[in-house]
1. If only one of I188, I135, I181 is part of a loop (DSSP other than H, G, I, E, B) and β-branched (V, I, T), which one is it?
2. Can you tell me which residues in the range 59-113 are in a helix (DSSP H, G or I), polar (S, T, N, Q) and open to solvent by less than 60 Å² (accessible area, probe 1.4 Å)?
3. Could you say whether any residue in the range 117-135 is basic (K, R) and farther than 17 Å from A53 by Cβ?
4. Pull up the range 16-35, narrow it to residues that are among the basic types (K, R) and within 8 Å of ligand 1 (Cβ to nearest atom), then point me to the one that is least open to solvent (accessible area, probe 1.4 Å).
5. Does E82 count as more than 20 Å from K97 (Cα to Cα) and away from ligand 1 (no atom under 11 Å from the Cβ)?
6. Out of (1) farther than 18 Å from V42 by Cβ; (2) among the small types (G, A, S); (3) in contact with a helix residue (DSSP H, G or I) (Cβ under 9 Å, 6 or more places away or on another chain); (4) open to solvent by less than 50 Å² (accessible area, probe 1.4 Å), what's the single condition that is false for S148?
7. Filter the range 18-36 down to residues that are of a type in the set (G, A, S), in contact with a Pro (Cβ under 9 Å, 6 or more places away or on another chain) and away from ligand 2 (no atom under 11 Å from the Cβ), then give me how many there are.
Amino acid sequence: MSLKKKIISSEIPCHVAVIMDGNGRWAKHRGLQRVLGHRSGVDAVRKLIEASAEIGIGYLTIYAFSTENWARPGMEVAALMELMIQSLNNETDALVKNNIRLRTIGDCNRLAASVRQRLAETENITAACTGLNLIVALSYGSRWEIASAAKRLAADVKNGTVDCESIDEAKFEEYLATAGIPDPDLLIRTSGEMRISNFLLWQMAYTELYITDILWPDFGKEDLFKAIIDYQNRERRFGKTSKQIEKSKIV
Ligand code: IPE
Ligand code: IPE
Ligand code: MG
């Protein structure tokens, strides 16, 4: 029996973020080049998107390439960028067909013009889609995001658009790359690493963390469902007591 049946449909996390890690180790275990791990990882991304749409997740953010990943060997970086272009070439029609809107967050200035252009095309083509919001974090780092938000906010204070006294958490969020997107309810990280790796640091203040030893290319639909069920069995207290949470459920 699929785990899907055990998911409580009224308690689906609105936003799931995923650190897709372990492609290199997956390839190494098979005596393959790391790039082949990344290639297999693309199939896992397709399954993740399908499964997320199936159960009605509103926002899915996938960490595809970090600001730190620029420091990898040039050949690997080039292969990852090529894979991104190929995937968008192959999948854009399917995104439209499945009503999926693609957006990107990250430091686009560091991307090659060909990658930027392909991303912009897919963003435009899917802009009117109203189903799953797929957010691709590419050349993304949370510290980059927060520092650039601070810079743009400071510029707006300087030019008089924003009153310094009006700055609060909500105001600051307007300057983040994720402005308008709800915070993730659930973070999934594969490959067993117990770290955040510069991903959505501000946004994950109260996100539930789920870490699995599965390497990304092996992560399938059932693994997503398992993570959702685990999430649904947790009590999110947001600093309150259990008793307060139970009371608010009854009302
Ligand atoms: C995740 O897999 C993909 C990217 C970071 C682009 P890795 O390439 O980090 O795989 P491992 O962690 O070396 O196994
Ligand atoms: C995090 O994985 C980034 C992505 C999945 C894109 P890494 O493999 O780069 O993370 P670290 O360096 O092991 O923390
Ligand atoms: Mg890794």
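The values are calculated or read from the model by the stated rules, or taken from the named source; none is laboratory data. Keep in mind it's a predicted model, so treat the numbers as computed, not measured. As a convention, Cβ positions derive from the backbone with ideal geometry for all residues, glycine included, and neighbour counts pool all protein chains shown. Each accessible area value is taken on the protein alone, full model and side chains, heavy atoms only, with ligands, DNA and RNA left out. Shrake-Rupley method; radii C 1.70, N 1.55, O 1.52, S 1.80 Å.
1. I181
2. Those that are in a helix (DSSP H, G or I), polar (S, T, N, Q) and open to solvent by less than 60 Å² (accessible area, probe 1.4 Å): N69, S87, T92.
3. Scanning the range 117-135, I find at least one residue that is basic (K, R) and farther than 17 Å from A53 by Cβ, so the answer is yes.
4. Going through the qualifying residues, I end up with R25.
5. Yes: the conditions hold for E82.
6. Here S148 meets the rest and fails (3).
7. Qualifying residue count for the region: 1.
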